[in-house]
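These notes are about the structure you will find just below.
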Amino acid sequence: MRILAVDDDVVILDLLKRCLTAEHHYDLTCCASSEEALKLIGSSTTHFDCFLLDIMLPGIDGIELCERVRENKRYHATPILMITASREANLMER
């Protein structure tokens, strides 16, 4: 399974790299920003099977990134998991 993880926290990305390994049949690609992820999605010839998106990102936040990913016909129905440490109720509603 090819996964794109987007998080600006290097600790979280390191944790994901340790858990989602090739020996467990995961091909993990990490980005530290939405802008980097959008550039990669636009230029990648290989399809991602799943996205892990941090909600609270600088610049384009994870919710807007999710919306932009969904605009891409290739990823209209691809699973997207939103991750955050925040407990803000209005953020969860978005």
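The values are calculated or read from the model by the stated rules, or taken from the named source; none is laboratory data. This one's a predicted model, so the numbers in the text were calculated from it and none came from an experiment. A quick note on method: Cβ atoms are made from the backbone with ideal geometry, for glycine too, and the neighbour counts reach across all protein chains shown. In case anyone asks, the SASA skips ligands and DNA or RNA and just uses the protein heavy atoms, side chains included. Shrake-Rupley method; radii C 1.70, N 1.55, O 1.52, S 1.80 Å.
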Original post:
Based on DSSP, what percent of beta bridges with both residues in the chain are antiparallel, to the nearest 5?
Top reply: 0 percent
Original post:
In terms of the ratio Rg/(2.2 N^0.38 Å) built on C-alpha atoms, what value belongs to segment 32-86?
Top reply: 1.05
Original post:
Local charge sum around HIS76 (other residues, Cβ-Cβ under 15 Å, Lys/Arg +1, Asp/Glu -1)?
Top reply: +1
Subject >> Separation of the ARG68 and ARG2 label points, Cα + 7 Å toward Cβ, nm >> reply: 2.0 nm
Subject >> Distant-in-sequence amide H partners of ASP27 (H built 1.01 Å from N, under 5 Å) >> reply: ARG2, ILE3
**OP:** Scale the Cα Rg of the chain by the rule-of-thumb value 2.2 N^0.38 Å and send over the ratio, two decimals.
**Re:** 1.03
**OP:** Provide the per residue accessible area, probe 1.4 Å, for the chain, rounded to a whole number of square angstrom.
**Re:** 63 Å²
**OP:** Evaluate Rg over Rh across segment 3-55, taking Cα atoms for both radii and Kirkwood's formula for Rh.
**Re:** 0.95
Original post:
Ignoring ligands, DNA and RNA, how do ILE60, ILE83 rank by accessible area with a 1.4 Å probe, largest first?
Top reply: ILE83, ILE60
